[in-house]
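Asks: I'd like to ask some things about the structure below.
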Amino acid sequence: MLKWLDVPPVWLGLCLVLAGALRDMPPVVSELVWDRVGQGLILLGLALMVWAAVTMIRARTTVIPHQQPDALVTSGPFRCSRNPIYLGDALVLTGAVLWWGNLLALILVPVFMAVISWRFIRPEESRLREGFGDSFDTWSHQVRRWV
């Protein structure tokens, strides 16, 4: 049961809750431009997550962390990022913080990225290297982990 709590959306939700709790603490920025930038980042992050998930489903591989993938996906958003879904998560978090106007909560973005790297990306890369060997190594040298 607890294993299902250790998934990226739970970590994203936790960071969003923490960012929301910091909403009324200084320094609060309430400019319309930051609202629009934040909303744009949220939409961009969600679109990137959907695009990546659809690309993985079309390749008939899992989108569930901690499971062995059936295919090495290098097309679509995976041409620019080895982890477009996690990048989308980080964009959503960044966008929410900007939209809510509390720049102090921006510290949660690198914390979130570090947790995701440690808990999910590194183990996933090990499974990909084990399952796809040289193909993964070639791709991982051509495409950066985040952007």
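Asks: Rounded to the nearest 500, what is the chain's calculated 222 nm mean residue ellipticity when only DSSP H runs of at least 4 contribute -39500 (n - 2.57) each, over all residues?
Replies: Here the helix-only value at 222 nm equals -20000 deg cm²/dmol.
Asks: Among Leu32, Leu87, Leu46, which one shows the highest mean-square fluctuation when the chain is modelled as a Gaussian network with alpha-carbon springs under 10 Å?
Replies: Greatest mean-square fluctuation among the candidates belongs to Leu32.
Asks: Running a GNM on the chain with Cα contacts under 10 Å, which residue among Ala114, Ala90, Ala53 ends up with the highest mean-square fluctuation?
Replies: Ala114
Asks: Please identify the trypsin sites (Lys or Arg not before Pro) of segment 77-147 that satisfy two criteria: DSSP loop assignment and at most 14 other Cβ atoms within 10 Å. Which are they?
Replies: Of the trypsin sites (Lys or Arg not before Pro), the ones in loops of segment 77-147 whose Cβ has at most 14 other Cβ atoms within 10 Å are Arg144.
Asks: Right, something else. Set Lys and Arg Cβ to +1 and Asp and Glu Cβ to -1, take the dipole of segment 29-138 about its Cα centre, and tell me which of Met113, Ser135, Cys80 lies farthest positive.
Replies: The listed residue farthest towards the positive side: Ser135.
Asks: Who wins for biggest fluctuation among Ile85, Ile116, Ile107 in a Gaussian network model of the chain, springs between alpha carbons below 10 Å?
Replies: Sorting by GNM fluctuation, first place goes to Ile107.
Asks: Here is a follow-up. Mind putting a number on the dipole of the chain about its Cα centre? Charges go on the C-beta only, +1 for Lys and Arg and -1 for Asp and Glu, and I need it in Debye to the nearest 20.
Replies: Computed charge dipole of the chain: roughly 200 debye.
Asks: Report, in order of residue number, the helices in the chain meeting two criteria: a C-alpha extent of 27 Å or more along the helix axis, and a mean Kyte-Doolittle hydropathy of at least 1.0; treat each whole DSSP H run as one helix.
Replies: Those that clear 27 Å and a mean of 1.0 are 32-58.
Asks: Hey, what did the chain get for relative contact order, percent, Cα under 8 Å, at least 6 apart?
Replies: Across the chain, relative contact order equals 35 percent.
Asks: Now for a different question. Computed from these coordinates, which is Kirkwood radius over Cα pairs in Å: (1) 15.1; (2) 16.1; (3) 17.3?
Replies: Computed from the coordinates, Kirkwood radius over Cα pairs in Å corresponds to (2).
A short reminder: the numbers here are calculations on the coordinates, not readings from a lab. Keep in mind that this is a model prediction, so the values were computed, not measured. FYI the Cβ positions are ideal-geometry reconstructions off the backbone, even for glycines, and counts take in every protein chain you see.
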